[in-house]
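Here is the structure we will look at.
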Amino acid sequence: MELHQYLSIVRRHWRSVIATLLICVVVAAAITFAQKPVYTASSALFLTVESGDSAGELSQGATYAERQVESFVSVATTSVVLTPVIEYLSLDLTPLQLADKLAVTSPTATSLIDVSATDGDPMQAARVADAVAISLARAVDQLSPNDGSGTGLVAASVIDPAVAPTTPTTPRPAVNLALGMVFGLLLGVGQAVFRTVLDTRVRTASDLEALTASPILGSIGHVKDSSTHGVEVGDSRWVNAEAYRRLRTNVGFIGLGGERRPSMVITSAVAGEGKTQTVVNLARALAQAGESVLVVDADLRRPQVAERMGVDNEFGLTDVLTGREKLEEMVIDVHPGTLAVLPSGTVPPNPSELLGSEAMAKVLTTVERQYDHVLFDVPPLLPVTDAVVLAGQTAGAVMVARSGMVKQPEFEQARKLLEAGSVTLLGVVLNDVPTTGDGYFTNYYAEYASATTTQPAPGSRARACEGRTAATATQPVLEPQP
């Protein structure tokens, strides 16, 4: 995983990252203030060895003293040293408990012994450190060998008595808070990465590119306010409309270099991905370009096209397929010459059989001759087989994938269903992409809108206003996402 991917993950989950960071800092602060202050006082001893006056004897004595230091460091925490200290200071401790409060060390290649004592009382810590140092010096005199006259060869002297500390050793608020922040940041980023790894939902065009070799025909941004249907330059809904115009352009390239048929089905892996809205807005974008478009509501289970287009759904495709009505009588011209709708009609008990019938093939042949584009809105792929049945009779299928909703295994399974039915996947539309992200399409439309609004060509304002007025009177306006 590259750096920009980590940054993208942090931007996506920044709330949980900050929450984790704050929790860790609060916990570190609570632990810090709950701890009792502990003070540390230190005393130092120096070991000497009786030796001759020559350089060789002095060197041998120094070496012997260094070896003895290692032994006396261990002696410092034994009962020989600590029992007299307990009795002298009247401590209510055992030698083992007192040893836990001590740290006895020796710097490398020296004859020094450092004795450190910890206690909640700084004065008591200093008294314990001094008492242990004095007791150790006496133990050195008792345990060291003598020269035959009763004089010990090794002597220890306290060279640095302990001083009562003024600041506690622990807790250290600054250090604890810093560690809490570092740990919180690592934990926050870690949980964000972990959630991303476990999250198999399709979110970006890169996710789709990893799942299919079919082209990404468009990326439709998320629009928060869908209360109005107007599309104004500079408004977020204009960005959405421009995405559909780009989708219209890309759809125009489908089939070039081979057999080009005007019909296609638009479907999705699961319900709720915005396939119907994509059909409606793509049809309106094509109609705005002067193309003749027929939208067929072939979702015979949960038809929605008629409601979205504002037409009656009492009669329609099912009536044509059953022979009760004629095709030309069921087609509704929303905008004569450019946009027409064939509603679904009565919901039948056998949708798959009707869509795969010979009557459906005849309807398809007829409408392909009459319109530049025939768009079929069909049910999702995973719940039922209707989409595969109908898509096999058209040029192919376009899949709509809602960002943050459909899971990668679901999309993969739906794609394999199309392959199993010998259906061509013409392309994929990524729907409901957050417009506040840092994706390619968001930046593209933002820059395009900025260039359009800040650098108008001479006389373009008047022409644009005139064109928009005419289009409003004769052409449909794109609807924002629900």
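The values are calculated or read from the model by the stated rules, or taken from the named source; none is laboratory data. Quick caveat, the model's predicted, so the values are computed rather than measured. Backbone-built Cβ (ideal geometry, glycine too); neighbour counts: all protein chains shown. In case anyone asks, the SASA skips ligands and DNA or RNA and just uses the protein heavy atoms, side chains included. Shrake-Rupley method; radii C 1.70, N 1.55, O 1.52, S 1.80 Å.
Here are the numbers:
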quantity	calculated
Built amide H within the under 5 Å cut-off of Thr169, gap 5+	Val38, Tyr39, Thr40
Debye equation applied to the C-alpha atoms of the range 291-443, log10 I(q)/I(0) at 0.09 Å⁻¹	-0.31
Translational diffusion of the range 274-348, µm² s⁻¹ [Kirkwood Rh, Cα pairs; Stokes-Einstein; 37 °C; 0.692 mPa s]	267 µm²/s
Fraction of accessible area attributable to carbon and sulfur, the range 309-391 (%, probe 1.4 Å)	51 percent
Linear extension gain, Arg260 paired with Ala289, 0.36 nm per residue minus alpha-carbon span	8.5 nm
Sparse-neighbour loop sites [trypsin sites (Lys or Arg not before Pro); the range 293-399; at most 12 other C-beta within 10 Å; DSSP]	Arg324, Lys326
Cβ-based net charge around Leu89, under 14 Å, with every Lys or Arg adding one and every Asp or Glu removing one	-3
Rounded to whole Hz, the Karplus (6.51, -1.76, 1.60) HN-Hα couplings of the range 374-391, x for glycine and proline	10, 10, 9, 8, 10, x, x, 6, 6, x, 9, 9, 3, 4, 5, 4, 7, 4
The range 372-434 - Rg over Rh from alpha carbon coordinates, Kirkwood radius	0.96
Label point distance in nm, Ala109-Ile31, each placed 7 Å from Cα along Cα→Cβ	3.8 nm
Distance-filtered residues of the range 10-45 - backbone nitrogen under 17 Å, label point 7 angstrom along Arg172 Cα→Cβ	28-29, 31-33, 35-42
Loop sites in the range 313-413: GluC sites (Glu not before Pro), DSSP, at most 13 other Cβ within 10 Å	Glu314
10 Å beta-carbon shell around Thr394, net charge (K/R +1, D/E -1)	0
Inter-part distance where the range 321-388 and the range 1-39 are each reduced to a Cα centre, Å	57 Å
Calculated FRET value between Arg11 and Glu307, using beta carbons and R₀ = 45 Å, to 0.05	0.75
Rh by Kirkwood over Cα pairs, then Stokes-Einstein D for the range 342-402 at 1.567 mPa s and 4 °C, µm²/s	103 µm²/s
